[in-house]
Amino acid sequence: MSVQGFKGKIGEVTIGTGDKAITLGGQNAVAFFETEGEGANTPKIGLEILDVYPEEWIASLQELYKDVAQNTVQWAKFVEEKFNPDFICLRFVGADPNGLNKPVEECAEVAKAVAEAITLPLVIAGTNNHEKDAKLFEKVAAAVDGHNCLFLAATEDNYKAVGAAAGLAYQHKVGAESSVDINLAKQLNVLLGQLGVKNEDVVMNIGCAAAGYGFEYVVSTMDRIRLAALGQNDKTLQAPVITPVAFETWGVKESIAELEDAPEWGSREDRGIAMEVSTAASIITVGSDAVVVRHPKSLETLRNFAGALV
């Protein structure tokens, strides 16, 4: 059998502290080609929680979290104890300037309390408002100092502020978010490096789309990034990849259409899980080192899937 050898290797990035810390990356071959490489860490699956009550989530998830979702710390502890994901992703929806516009100081207090209440690694996601996220992450990074969190994400618009706070001042990990383009991903990694953020402190978020919604562009971009990193030994692209699948899949029509509007599609919960699992499984198969999902059933399915492939 012919074996393809690669000169490059994906760097390893560790998130969290203690026994529950996780390490992403480490592979020197394309995903799941064990005969052609070694050293890859198992793909990690995280569950999403919010800093506010999940008003827009499906009824079954609201019911599942009804006793804890009003308190983010209790919610995080519940997720850790009941589902034990590889990590928890705390998403600050409440800080969105177009929503509740919670002050960053309040968010920092919440993040600190969550980080101290759990033993799992913590991934912290913002509002997707780049200006607000720069201010948010600066305060939150200081509040969770010592917990080695991953911040999603630094973008071309705010990488200086996010990189300086998360990656330099408080030694957290920085998510470098680009828009499904190898050149943009490379450029942002270079800019973070010039800022002083170390390669081993960067995890890429190359973008995501739900399956059937331009997802083939995500796959082709992932392929190009991995082949450049491994085959061409391009060190600017040798970072692990995290994909926040939940942020995309629960907003498409197949997931949000009510049963009475599309009875032939079946239950909304089953459709949402199917969309989430199919998207996450696909992106894991082509090389993503970690994914964020929302539904515990998705977590269980993907954990079994990833375990069976390695």
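Residue-level check: of (1) in contact (Cβ under 8 Å) with a residue 40 or more places away in the chain; (2) surrounded by fewer than 23 Cβ atoms within 10 Å (Cβ to Cβ); (3) among the aliphatic types (A, V, I, L, M), ALA246 misses just (2).
Going by the conditions given, is ALA143 in contact with a strand residue (DSSP E or B) (Cβ under 8 Å, 6 or more places away or on another chain), without any contact (Cβ under 8 Å) to a residue 40 or more places away in the chain and farther than 19 Å from VAL202 by Cα? So ALA143 does not fit the description; no.
No other residue among ALA228, ALA257, ALA209, ALA308 is closer than 20 Å to ALA153 by Cα, surrounded by fewer than 22 Cβ atoms within 10 Å (Cβ to Cβ) and of a type in the set (Gly, Ala, Ser) apart from ALA209. Would you mind finding the one in ASN84, ASN98, ASN148, ASN129 that is of a type in the set (S, T, N, Q) and touching a strand residue (DSSP E or B) at 6+ places or on another chain (Cβ under 7 Å)? So the residue among ASN84, ASN98, ASN148, ASN129 that is of a type in the set (S, T, N, Q) and touching a strand residue (DSSP E or B) at 6+ places or on another chain (Cβ under 7 Å) is ASN148. A single member of GLU177, GLU156 is out of contact with any Cys (no Cβ under 6 Å at 6 or more places or on another chain) and surrounded by fewer than 23 Cβ atoms within 10 Å (Cβ to Cβ), and it is GLU156. What pairs can you find where one residue is in the range 78-107 and more than 12 Å from GLU48 (Cα to Cα), the other is charged (D, E, K, R) and in a loop (DSSP other than H, G, I, E, B), and their Cβ atoms are less than 6 Å apart, with a gap of 6+ or different chains? The qualifying pairs are GLY94/ASP51; GLY94/LYS102; ALA95/LYS102. All conditions but one from (1) surrounded by fewer than 23 Cβ atoms within 10 Å (Cβ to Cβ); (2) in contact (Cβ under 8 Å) with a residue 12 or more places away in the chain; (3) assigned to a helix (DSSP H, G or I) apply to GLN194; the one that does not is (2). Please work out if ASN148 is farther than 21 Å from ILE15 by Cα and either in a strand (DSSP E or B) or within 20 Å of the chain's Cα centre (by Cα) (or both). No.
Of all residues in the range 200-239, those satisfying the criterion of being over 18 Å from the mean Cα position of the chain (by Cα) and under 30 Å from LYS253 (Cβ atoms) are GLY212, TYR213, GLY214, GLU216, TYR217, SER220, ASP223, ARG224. Of the helices (runs of 4 or more DSSP H) entirely within the range 206-257, those holding at least 2 residues that are acidic (Asp, Glu) occupy 215-231. Would you point out the residue of the range 160-174, among those that are under 15 Å from ASN199 (Cα atoms) and surrounded by fewer than 24 Cβ atoms within 10 Å (Cβ to Cβ), that is modelled with the lowest pLDDT? Looking at the filtered set, the residue picked out is GLN171.
The values are calculated or read from the model by the stated rules, or taken from the named source; none is laboratory data. Not measured: the values here are computed from a predicted model. Note: ideal-geometry Cβ built from the backbone for every residue, glycine included; neighbour counts use all protein chains shown.
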